[in-house]
Amino acid sequence: MLSMKNINKVFKTDLVETHALRDFNLEVKEGEFVAVTGPSGSGKTTFLNIAGLLEGFTNGDYFLDGVNISNLSDNKSAAIRNEKIGFIFQGFNLIPDLNLAENVEVPLRYRGFSRSERDKRVKQALEQVGLGARMKHLPAQLSGGQQQRVAIARALAGEPRFLLADEPTGNLDSMMARQVMELLEDINKAGTTIIMVTHDPELARRAQRNIQIVDGQVCDFTMYQGGQPQLVSDNVQAVS
Amino acid sequence: MLQIKPILSMLLRSKSSPLLLLLQIILSVAIVANASFIIHERLALMDRDSGVVEQEVFDFTMYSFDPSVDLVQQQHKDLQLIRDLPGVKSATFSSMTPLSGGGWSSSFTIGTSEEDERSAPNSAMYYGDEQMVDTLGVKLIEGRNLRPEEILPTFTDSGVKGIVSKAFADQAFPDESAVGKVIYNGNLGEEAIEIIGVVERLQGAWVNSDNLEYSVIIGVELTNAFMRYLVRAEEGTFTRLKEQIPEVLHKDQKNRVIQNFTTLTEHRTSVYRDHELMASVLSLMVVLLLLITSLGLTGMVMFNIERRTKQIGTRRALGATKRDVVSLFLVENYIICLVGGVVGGLLAIALGQQLMQHYDLPQLEWQYPLATIVGLVIVTTLAVVFPATKAAKISPAIATRSV
Ligand SMILES: Nc1ncnc2c1ncn2[C@@H]1O[C@H](COP(=O)(O)OP(=O)(O)OP(=O)(O)O)[C@@H](O)[C@H]1O
Ligand SMILES: [Mg+2]
């Protein structure tokens, strides 16, 4: 499903060169729920951005769903993001001047869906996150947890194969974080592959698979076995 | 794809900035539409043909202060001397100069008896000799020119012959030929002028008058101490002739002041100076207003891009192409411009109505607000596309990098 081989990412700013990812290797299978942890500045967001086609990489091979991602045109990348990938951000990134329904509708419009199709999917997605009754509310009228659920609805509405989340619970208190996590687990059970960056070891432990990025490399990872997550809490704690 | 509905709701929910711009656009459209209409009107006025070969004609004045001179004889000699100069095509004394802003005019009486007596329109009166038609270069379209022997020494009650402009002929004698008709410079029966010819076009001296096109050439000699002469000469000879004419005339009789050599082109420039000034000032205003509006648009787009950097990155992350981002800003501003344009267009018409009532302007034509809106759409596109293209370059990675 996702396959990265020897990915390097170098940021060049005036004088400094930052190697955000070094010979980064990772395979993610369809249907997995991967939690990514690691120290600050280790390259987690960089990995997620490259995985989600939000930025390019310096060299290496990346295949997503069989498609070679190097040298894709800007329009093609936009289309893949739109169709195959759903994003969830730490800061929710809802558009403040649009109501909930309009927010969820944004990627569907770029997809070119008909009006009735959009309406159906918006309603369905908002109901799935438990906000079906508040379609006309503005984001500012909701709590952080509710806003993140709207963002999840926006990511789900296009029925992506892939859900990428960068610290989706980073701005939420633990109760709301748990709700969001439960929602993500439901989505994963329904078949969507999820990669989630988190600083919260408790949440990371709930994922099927944990990987740790240290200094731009996959340092350690734990594969689940027989559907039962095998927790390696020492590793996770060592990070935080 | 166009996204009018969500952009509209975004606009409606955002606070003051689009409102101020909207107000600016409304006023700009109202003013620009009326200003360009007035400019067009003025230019059309200035563009009217006087009927005269202006590039070849000039005039000058002569003041004879020696009472012992026989003015009649002297004038005949003077005209002969002028006509003999190289480059001169023809010359005549004249009571006035076209487009000069000053001259003689009269309302003529028409009719055969008191029952059918009426007034002809107020017209310019060109006293001149048989060379007047050639000197002005006006085109005779009916009848004939004056003959030398028909130029009478004074205005008598009969025998005076004249030539009228077609505009005059059509107005005074709508259904019949003017040739052979008689007009009276005064009451019925007094100072009769028999029309012997019609010229296609000859304007008077007052360009703001409604009667500019009505002119009558009268075959009567003028021999005053103060005289005006019209000369038609080959192009390029004016600078030489304005030295030569006083020279030869003074050699013959030196007791007079000969001055004010002015080409008809110069007369035209000065008589239309106000119009010209008005047109330039208004044009400047139109350009400035369009500039200010486009700067306002560019400013607002740049402000919005600044404010919405994260939103643009998020939209890109969610699948917006660069074109989608550009069209987001274009559509947003087209909506503002369209609303501003329509309201401004209506305001323009209302403003035009006021101007029409108070300043004697014709009614604003609907094409002008429409053209202004079209111009506004072009200005908007230019003003928005540049910053919006920069906005499209915002990396989708902004979505995860900024909090
Ligand atoms: N646009 C950029 N230009 C230059 N350097 C960058 C850029 N983005 C990230 N970096 C650098 O790349 C490295 C990895 O950054 P990244 O954001 O991926 O870390 P992270 O693991 O997500 O950290 P955190 O947990 O704080 O979010 C850091 O050293 C960072 O300074
Ligand atoms: Mg990060």
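Coordinate-derived values only; no laboratory data. Since the model is a prediction, treat every value here as computed from it, not as a measurement. So basically every Cβ, Gly included, is an ideal-geometry build from the backbone, and we count neighbours across all protein chains shown.
Using a 10 Å cut-off around each Cβ of peptide A:81-92, what is the average number of partner chain Cβ atoms that fall inside? Mind showing how you got there, number by number?
Details: counts 6, 5, 1, 1, 3, 2, 7, 0, 9, 2, 6, 2.
So the per-residue partner count for this stretch is 4.
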Listed residues B:V164, B:V374, B:V57; largest mean-square fluctuation, Gaussian network over chain B with Cα springs below 10 Å, found at B:V374
Sorting B:V72, B:P98, B:N122 by the position of each Cα along the dipole of the stretch B:31-166 (Lys, Arg +1; Asp, Glu -1; all at Cβ), the one nearest the positive end of that ordering is B:P98
Amide H proximity to A:F24 below 5 Å, modelled H, separation 5+ or other chain, gives A:N6, A:I7, A:N8
To the nearest 20 debye, the protein assembly as shown has a Cα-centred charge dipole, built from +1 on Lys and Arg Cβ and -1 on Asp and Glu Cβ, of 4440
Amide H contacts under 5 Å for A:L163, restricted to residues at least 5 apart in sequence or on another chain and with H modeled in the peptide plane, are A:G86, A:T193, A:I194, A:I195
Here the net charge surrounding A:R109, from other residues whose Cβ is less than 13 Å away from its Cβ (Lys, Arg +1; Asp, Glu -1), is +2
Calc'd 3J(HN,Hα), the stretch B:270-275, phi into Karplus 6.51 cos²θ - 1.76 cosθ + 1.60 (θ = phi - 60°), Hz, glycine/Pro = x, comes to 6, 6, 9, 4, 4, 4
Between B:Y127 and residues 5 or more places away or on another chain, the pairs with built amide H atoms under 5 Å apart involve B:S95, B:M96, B:I218
If the chain between A:L15 and A:E182 were fully extended at 0.36 nm per residue, the gain over the current Cα-Cα distance would be 55.7 nm
Quick shape summary for the stretch A:67-148, equivalent ellipsoid via Cα gyration tensor, semi-axes whole Å in descending order, reads 26, 16, 11
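Give the residue list of trypsin sites (Lys or Arg not before Pro) in the stretch A:135-225 that are DSSP loop and have at most 12 other beta-carbon atoms within 10 angstrom.
Numbers: sites: A:K136, A:R149, A:R154, A:R161, A:R178, A:K189, A:R205, A:R206, A:R209; in loops: A:K136, A:R161.
Here the trypsin sites (Lys or Arg not before Pro) that fit, given the DSSP loop and packing criteria, are A:K136.
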As a percent rounded to 5, the proportion of antiparallel DSSP bridges among beta bridges in the protein assembly as shown is 65
Quick calc: nm separation of the 7 Å Cα→Cβ label points for B:T223 and B:S107 -> 3.4
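Among B:S113, B:S14, B:S28, B:S68, what is the fewest-to-most ranking by other Cβ atoms within 10 Å?
Final ranking by Cβ density, sparse to dense: B:S68, B:S113, B:S14, B:S28.
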Inter-part gap, Cα centre of the stretch B:125-156 to Cα centre of the stretch A:91-165, in whole angstrom, is 90
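So which GluC sites (Glu not before Pro) in the stretch B:111-140 pass both tests, a DSSP loop state and at most 14 other Cβ atoms within 10 Å of the Cβ?
On the way: sites: B:E114, B:E115, B:E117, B:E130; in loops: B:E114, B:E115, B:E117, B:E130.
The qualifying sites are B:E114, B:E115, B:E117.
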One quarter of the C-alpha convex hull surface, i.e. the mean projected area of the stretch B:314-403 in nm², amounts to 7.5
Length-normalised contact order of the stretch A:2-235, Cα under 8 Å, at least 6 apart, in percent, tallies to 28
Rounded to whole angstroms and listed largest first, the alpha-carbon spread of the protein assembly as shown along its three principal axes comes to 134, 59, 36
Here the FRET efficiency for A:D173 versus A:K123, based on Cβ atoms and R0 = 25 Å and rounded to 0.05, is 0.30
Here the convex hull volume per residue of the stretch B:54-271, taken over Cα atoms and given in Å³, is 114
Rg/Rh of chain B (Cα atoms, Kirkwood Rh), to two decimals, equals 1.24
Assertion target for B:M356, B:M300, ordered by fewest C-beta neighbours within 10 angstrom first, is B:M356, B:M300
Expected vector for the stretch B:336-348, Karplus 3J(HN,Hα) from phi with 6.51, -1.76, 1.60 and θ = phi - 60°, integer Hz, x for Gly and Pro, equals 4, 5, 5, 4, x, x, 5, 4, x, x, 5, 4, 4
Residues of the stretch A:191-213 with backbone N under 14 Å of the label point set 7 Å from the Cα of A:S40 along Cα→Cβ are A:199-200
Checking A:A190, A:A51, A:A20 against a Gaussian network model of chain A (alpha-carbon springs below 10 Å), the top fluctuating residue turns out to be A:A190
For the pair A:S3 and B:D175, the simple spin-label estimate (label points 7 Å beyond Cα toward Cβ) gives in nm 10.1
What helix-only [θ] at 222 nm does chain A give? Using -39500 (n - 2.57) per DSSP H run of at least 4, over all residues, to the nearest 500, the answer is -11000 deg cm²/dmol
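Would you work out the relative contact order for chain B, in percent, from Cα pairs under 8 angstrom that are 6 or more residues apart?
Working: 718 pairs, mean separation 109.0, N = 403.
It rounds to 27 percent for chain B.
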In vacuo Debye sum over C-alpha of the stretch B:87-144, base-10 log of normalised intensity I(q)/I(0) at q = 0.15, 0.25, 0.26 Å⁻¹, listed in q order, is -0.62, -1.08, -1.11
Here, the stretch B:196-284 modelled as identical Cα point scatterers in vacuum has Debye log10 I(q)/I(0) at q = 0.14, 0.15, 0.17 Å⁻¹ of -0.80, -0.89, -1.05
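Return a whole-number percent for the relative contact order of the stretch A:45-127, with Cα pairs under 8 Å and 6 or more residues apart as the contact set. If you can, show how the numbers build up before the last one.
Working: 34 pairs, mean separation 17.0, N = 83.
Computed value for the stretch A:45-127: 21 percent relative contact order.
222 nm [θ] for chain B, helices only, -39500 (n - 2.57) per DSSP H run of 4+, per residue, to 500? If you can, show how the numbers build up before the last one.
Values: 12 runs with 201 residues, N = 403.
Result for chain B: -16500 deg cm²/dmol, rounded to the nearest 500.
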Quick P(r) readout (the stretch A:39-196; Cα-Cα; 5 Å bins; whole %) gives 2, 9, 18, 21, 21, 15, 9, 4, 1, 0
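Within 10 Å of each residue's Cβ, count the other Cβ atoms and sort A:S70, B:S327 from fewest upward. Can you show the working numbers first?
Working: A:S70 12, B:S327 19.
Fewest-to-most ranking of A:S70, B:S327: A:S70, B:S327.
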Counting only DSSP beta bridges fully inside chain A, the antiparallel percentage to nearest 5 is 55
Per DSSP, the loop-located GluC sites (Glu not before Pro) within the stretch A:71-127 having at most 11 other beta carbons within 10 Å are none
Averaged over residues of A:95-102, the number of beta carbons from other chains lying within 10 Å of each residue's Cβ is 5
Note, the stretch B:377-389: 3J(HN,Hα) by Karplus (6.51, -1.76, 1.60, θ = phi - 60°), whole Hz, Gly/Pro = x, goes 4, 5, 4, 4, 4, 4, 6, 9, 4, 4, x, 5, 5
Cα convex hull volume per residue for the stretch B:1-117, in Å³, equals 395
Rounded to one decimal in nm, the spacing of the 7 Å Cα→Cβ label points at B:E234 and A:D215 is 9.8
